[in-house]
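Reading through the structure tokens given below for one structure.
The values are calculated or read from the model by the stated rules, or taken from the named source; none is laboratory data. The structure presented is a predicted model; accordingly, all values stated were derived computationally and were not measured. Glycine gets a Cβ as well: all are built from the backbone with ideal geometry, and neighbour counts include every protein chain shown.
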Amino acid sequence: MRFKLTHSHKKRALIPGKRYLDKSRVLGPRWSRVSKLVRKKEYLNSKKQWWKTVLKRFFIFSFITFLFFALLGTIFASAYISRVSREIPDPGTPFGTEFIPQTTYIYDRDGKVELYKIYGDRNSEWVKIEDIPPHVRAAFLAAEDASFYQHKGMDLPGIGKAILHELFGIGSKRGASTITQQLIQNATSVGREQSYKRKVKELILSMQIEQKYTKDQILEAYLNYIPFGGNIYGIKVASKAYFGKEPKDLTLAEAALLAGIPQFPATYAPPPRGMNPLLTAYQAHIQCGFPYDPDAWLAENIKDEDLEKYGITDRKDYARPANEWRMEYVLYQIKDKRSILSDPAGCNCGISDEQIEGARKQQIVFTKYYERKLAGHFVDYVRTKLDEMFKDKGGISYVESAGLKVYTTLDWDMQQIGEEEVKNIRGSLKNYNAYNAALVSVDPNTGEILTMVGSRDYWGENEGCDSQGRCKFNGQTNALISLRSYGSSGKPFVYLAFFMKGFGTGSIVPDIPLKFGNYAPQNYDRTFLGLEMDVRRALELSRNVPAVEALSAVGMDDFLNLISKIGYSQETVERMRVAGLASAIGGASITMLEHANAYIILATGGIYRPLVCIKKIVDRDGKVIYEYVPDEGTRVVEEKYTYLVTDILQNYWTLPPVKKYGYYVAGKTGTSDGPRDIVFAGYTKHLVTVVWAGNNDNSPMRGDADGSTVAKGIWNPYMLRVLPKFPNEPFKQPAGVLRISVCRDTGFSPGNSGCPTKTALFVTPPPEDTFHKKLWVSRCPDVYKLASEADKLAGVAEEKLFVHYQAPNPALQPQLDDYLSKKGLLPPTEVCDMYRGENAPIVKFTTPTENQVFHVGDTVNISVQIGTPKGIVSVDFYTDDMLIKHATVPPYSAQWTIDNNVTAGSHTVKAEVLDTGGKKGVGIVKIFVEKQLPTIRITDPINNAVVLKPTMNVTIGVGSTPLVTNVSVDIFVKDESESIYKLCGPFDIAVGSSKTVNCNISGLSSGKGYYIFAKSLVGVDPIQSEYVYITVSDPS
């Protein structure tokens, strides 16, 4: 009999500790066996159910624990990420060009010539993605991140492999950095630190950048930030530095080579930016990622016949630069990743096999890398100005990273000419023991510096150095901004101040020994040219004493007030104040640059403009942030005063080589003591140029070096080459300038003084002369003194014109009078106390009479009456101071026959008596010799005629004479400065006739007036025509 356990039975059996009815006792032994079996089964089932319960509870507990720790981890991770996120820079940092340091470029005035670039630690320049061609993008994508356009900023497979290697050592070490992540490393503060924290920052910022910017924007920023060796950053500067071209002009091979550099710039960049060692194919396979089997590649590409060309015997020794092996890797990647690169939704920049093979065959040629710096001294000068302009932003440190385009005032063509001419004089300078020279040109109408050559050779090696390192030549020292002496080239400003005090070109500045306190200036030739030195001649001859004399008349305060307004710095003004009157002749130190600035007022007629070297500055976004607009300048001196200076300087003796080509120029030399500095400063109405030569260590040159050395050697040839760029405009006499006659020896208006005159320029007419006086004097005995009444009665007194020379500075008059006194040139003030009559011989002529007329062939009978109480020792007779008879016995007479060797005109006959008392008496009478000399006149051109260059017809008429049949005539010209020189001739003309001759007048200045006249010699007698005034003009 079988029993079947119901479900309830089973259920109860499963309850441990439950008491049940023992059915074996009721149902007997059989049931007992059955019951045992049932109980055993129930026991086993209850135990199994227990384990399930335990496991169930364990898994529930584990799950709850996992959830707890997961939640806790999430909380901690969120807090960590939140904290880290606060340290992450703005995702826009790499994309605003204001954040990236960019190189500042300096250009010439036209923006066509790059003179220099200024940068700090990074030499970089931003380039737009549109200007980077597809094959260049392909090279960088293949080298660094071919799937860039497909992922979202993270290479997840790469990250996974990196984690496996990091945790379990599985696989090779790798960075797993995408282009986005590399951009973050290069362009933000996240950097490249090897830490998990940095990696978390990088991943977070990558996702933010990918969400905010397009792939093209990210790639553009990446290509502008990546390093290419040394301080070169970004594809644009790298292209220029290594291949001398823009990114758009790179070939595929060049792009591939550049793309290989950023991985290890110190290894792959060409020297000097990187090592770029030579590697064999086997080394490159290991070190550079060379993708091919070395043996197979060598067998295919290096033939047996090529071994000798490479200088090897085994192809295994073939080596090439590391960056070329790396280029092979990049080209392989371009081919291998073609399908990804060609994706239209991505880069769409796939490269064909033909292009890749062509790139492999291209020979890579690097541009010789050097820091381009043209017009070095000018660039250095511009840097200082930029430092001043941007002082509030950090000065030059800001400029180095601001990415500015600075358009300067430099004229590159003129700069090259200036550098050539300064170099060309090297040979002749050495003859004078001078090692260096400099030149600066400025536009006086704008103040713009057009040329600046601060030394003979900016890049030249030092020369003439002593044991302490002082060198006669230092190329990178800018002599134009170094303190030097200007010598006599500062005299124009002394005389400008002098003219402003009422003096003129005809004012007298005696060239005699003078002392100014303890200062006794000397002329360069250690001589003195006398009393009648006027300003024109003093400046033309560059006399020192007259210049110091003029400055003393002006006064230092007034002179320095002028100097401070025309371009000299306050420091220079103070140095001149310390130097005192020696400032007139170069006694203070200045810079040649400020000297050129001062000369602007002479070129412009009194208008000052400060020097400028920058025309325009454009920021990195193309916005003009500075632009120089020339204004009308500041009038500091009236034009009429500057014209007086220019009228003298335009005839300076060094200028004819330039003037003969028709250029209107003016200038002045300068030579300092030693000489240590030689200078020429010259100008037109549109260009000022100052030239200097000397030694950097201020050592002296050879003694005969002077300002004309640089005038002839540099200034003249330079100006002849550059002046065609500028208008050729004459210096016109302005209103207010007077061209008047003044006394030749005092510079005052003649009035009724009877003084000899000259023509001079003044702004204000000088006072009327009161320093010429006619006095009755007599010899007493060897000097003139005022004649006494006795002298007049005795007939020994004569009326003579005397002049009392005046010093321009009244304080110097005592010294001048002392000089005149020692020379016996003061008008007499003492009356002669010589006894006449009884105690001294009185001599009176009986024949000839005063002004008696004689002719050729006449005999002059000379007889005198002598009154003396003493005996007569002798009587000497003279004609024109030539002794004709020594008479010791009476009658005291002589004869003189007039022949053709005696000139027509006035002659002096003198009798000198010596009596026994040792007294002397002198008698003088004048006679006149007449001859029938022919007259000579110019009939054509007529007075005030205008004659045209290059030649002029002159008709000369010669009157009749029995003395000769023909005469030899020369034509002379007198210019406005009273200088007379021969124009043409001689011409043989018969007496009693006229003749027309032709004269070359090309050397005369157009627009100028001249006096012409004819001269001849008849025997010993000169004859001359009247003056004819002409004006010279160019043919229309």
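Checking each residue in segment 525-572 for being of a type in the set (Val, Ile, Thr) and closer than 17 Å to TRP653 by Cβ picks out only VAL535. Which residues, counting only those in segment 252-309, are closer than 18 Å to GLN362 by Cβ, in contact with a Lys or Arg (Cβ under 7 Å, 6 or more places away or on another chain) and not aromatic (Phe, Trp, Tyr)? Selection gives GLY260, ILE302. May I ask you to list the residues in segment 552-576 that are among the hydroxyl-bearing types (Ser, Thr, Tyr) and farther than 22 Å from ARG635 by Cα? Across segment 552-576, the qualifying residue is only SER552.
Taking (1) under 13 Å from ALA990 (Cα atoms); (2) free of Cβ contacts under 8 Å to residues at least 60 places away in the same chain in turn, THR939 satisfies each apart from (1). When the criteria are applied in full, TYR1010 meets the requirement of being closer than 22 Å to THR757 by Cβ, modelled with pLDDT of 90 or more and touching a Leu at 6+ places or on another chain (Cβ under 7 Å). Residues that are farther than 16 Å from THR689 by Cα and assigned to a loop (DSSP other than H, G, I, E, B) within segment 647-679 comprise ASN651, TRP653, LYS660, TYR661, GLY662, SER672, ASP673, GLY674, PRO675, ARG676, listed in sequence order.
Table: residues versus (1) in contact with a Cys (Cβ under 8 Å, 6 or more places away or on another chain); (2) basic (Lys, Arg); (3) in the same structural domain as ALA579 (by TED's automatic domain parsing).
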residue: GLY475; (1), (2), (3): no, no, no
residue: ASN478; (1), (2), (3): no, no, no
residue: ILE481; (1), (2), (3): no, no, no
residue: LYS491; (1), (2), (3): no, yes, yes
residue: TYR495; (1), (2), (3): no, no, yes
residue: PHE499; (1), (2), (3): no, no, yes
residue: GLY502; (1), (2), (3): no, no, yes
residue: THR505; (1), (2), (3): no, no, yes
residue: PRO513; (1), (2), (3): no, no, yes
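Summed over segment 407-444, residues that are at pLDDT 95 or above and of a type in the set (Phe, Trp, Tyr) total 2.
From the list GLU305, GLU371, which one is in a helix (DSSP H, G or I) and either modelled with pLDDT under 90 or acidic (Asp, Glu) (or both)? Talk me through it step by step, then tell me what you get.
Numbers: GLU371 fails: in a helix (DSSP H, G or I).
Criteria check complete, one pass: GLU305.
Within segment 811-833, being in contact (Cβ under 8 Å) with a residue 60 or more places away in the chain and of a type in the set (Gly, Ala, Ser) holds for one residue alone: ALA811.
So for segment 699-720 (the condition being outside any loop (DSSP other than H, G, I, E, B), surrounded by fewer than 18 Cβ atoms within 10 Å (Cβ to Cβ) and either hydrophobic (A, V, I, L, M, F, W, C) or in contact (Cβ under 8 Å) with a residue 60 or more places away in the chain (or both)), does at least one residue qualify? Yes, some residue in segment 699-720 is outside any loop (DSSP other than H, G, I, E, B), surrounded by fewer than 18 Cβ atoms within 10 Å (Cβ to Cβ) and either hydrophobic (A, V, I, L, M, F, W, C) or in contact (Cβ under 8 Å) with a residue 60 or more places away in the chain (or both).
For the residues SER441, SER455, SER467, SER482, the requirement of being among the small types (Gly, Ala, Ser) and free of Cβ contacts under 8 Å to residues at least 40 places away in the same chain singles out SER467. The set of residues in segment 919-928 that are of a type outside the set (Lys, Arg) and either part of a loop (DSSP other than H, G, I, E, B) or modelled with pLDDT of 90 or more (or both) comprises ILE924, VAL925, ILE927, PHE928. The number of residues in segment 746-769 that are part of a strand (DSSP E or B) and closer than 15 Å to VAL803 by Cβ comes to 4. Picking from residues in segment 804-826 that are surrounded by fewer than 16 Cβ atoms within 10 Å (Cβ to Cβ) and not in a helix (DSSP H, G or I), the one that is farthest from the chain's Cα centre (by Cα) is GLY824. Listed by position, the helices (runs of 4 or more DSSP H) inside segment 214-265 whose residues that are within 18 Å of ILE351 (Cα to Cα) and not basic (Lys, Arg) number at least 3 are 252-260. Taken over segment 394-426, the criterion of being aliphatic (A, V, I, L, M) and assigned to a helix (DSSP H, G or I) is satisfied by ILE396, VAL399, ALA402, MET414, ILE417, VAL422.
Being touching a Leu at 6+ places or on another chain (Cβ under 9 Å), surrounded by 19 or more Cβ atoms within 10 Å (Cβ to Cβ) and either over 28 Å from ARG609 (Cα atoms) or not β-branched (Val, Ile, Thr) (or both) narrows it down to one residue among GLY418, GLY403, GLY475; which is it? Write out each step before concluding.
Details: GLY403 fails: touching a Leu at 6+ places or on another chain (Cβ under 9 Å); GLY475 fails: touching a Leu at 6+ places or on another chain (Cβ under 9 Å).
The unique qualifying residue is GLY418.
Does segment 871-882 include one or more residues that are in contact with a Lys or Arg (Cβ under 9 Å, 6 or more places away or on another chain), more than 30 Å from THR935 (Cα to Cα), at pLDDT below 85 and surrounded by 12 or more Cβ atoms within 10 Å (Cβ to Cβ)? Within segment 871-882 (the criterion being in contact with a Lys or Arg (Cβ under 9 Å, 6 or more places away or on another chain), more than 30 Å from THR935 (Cα to Cα), at pLDDT below 85 and surrounded by 12 or more Cβ atoms within 10 Å (Cβ to Cβ)), the answer is no, since none of the residues qualifies.
The strands (runs of 3 or more DSSP E) falling completely within segment 958-1014 that include 2 or more residues that are polar (S, T, N, Q) map to 966-974, 993-1000. Put simply, of SER564, SER552, SER589 the only residue that is closer than 17 Å to LEU514 by Cβ and not aliphatic (A, V, I, L, M) is SER552. Restricting attention to segment 1015-1036, the residues that are part of a strand (DSSP E or B) and of a type outside the set (Ser, Thr, Tyr) total 10.
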